[in-house]
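Working notes for the structure below.
The values are calculated or read from the model by the stated rules, or taken from the named source; none is laboratory data. All values derive from a computational prediction rather than experimental measurement. Positions of Cβ are backbone-derived with ideal geometry, glycine not excepted, and every protein chain shown enters the neighbour counts.
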Amino acid sequence: MARNLCAEVCVGAAIFRGPELLLIRRRTDLRAFPGTWDIPGGHVEQGESIPGALRREVTEETGLSIRLGTPFHSGLFDYPVGWGRSVPTIEVDFLCTPRTSARPRLNPAEHTEFAWVSEDGAPEYPTTERLTRIIRAAFSTKSGSRS
């Protein structure tokens with residue numbers, strides 16, 4: 001008999017400013033994906049909606065307020081929790097735009113730098129295979145939607 005999957009849920013924001021996507025670099029001392037470039041996002045807390053979690057995470061990580069667009073990607077991956085263990089995690093990623101032209105203000109406990117990158121420039125920012133696929137999907141979906 002099959003068992004139900006117990007999984008965490010996380011969200012990601014592909015924040016576009018015109019043709020450029022916001023990437024943020026994770027600190028090198030974090031247990032999950034240290035030193036890699038990522039899109040803003042994080043785990044959905046108990047009782048929180050997916051849009052609410054996305055807005056909270058983006059504000060916590062970048063100081064930005066966003067306009068939430070359409071979901072463009074979802075998937076299951078293993079989130080490292082330490083000691084060689086991981087937790088199954090379902091991720092839902094959304095196309096977003098910043099509400100203002102304000103410069104991101106990173107949370108120094110989590111991230112060290114940010115960059116607005118073009119589709120051609122994105123491969124220069126080291127990340128995980130999973131994030132490479134998400135970044136490609138974000139650019140592809142954005143150019144297909146003409147937003």
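Things worth noting here:
- Residue in region 45-68 that is modelled with pLDDT under 95, under 13 Å from the mean Cα position of the chain (by Cα) and not in a helix (DSSP H, G or I) present: no
- Residues that are closer than 27 Å to Thr28 by Cβ and not in a loop (DSSP other than H, G, I, E, B), drawn from region 126-147: Glu129, Arg130, Leu131, Thr132, Arg133, Ile134, Ile135, Arg136, Ala137, Ala138, Phe139
- Only a single criterion out of (1) under 22 Å from Thr141 (Cβ atoms); (2) loosely packed, with under 13 Cβ neighbours inside 10 Å; (3) modelled with pLDDT under 95 is not satisfied by Ala102, namely (1).
- Scanning region 105-125 finds no residues that are in contact with a Lys or Arg (Cβ under 7 Å, 6 or more places away or on another chain), assigned to a loop (DSSP other than H, G, I, E, B) and under 18 Å from Phe16 (Cβ atoms).
- Condition met for Val117 (modelled with pLDDT of 95 or more, under 21 Å from Thr141 (Cβ atoms), within 13 Å of the chain's Cα centre (by Cα) and surrounded by 14 or more Cβ atoms within 10 Å (Cβ to Cβ)): no
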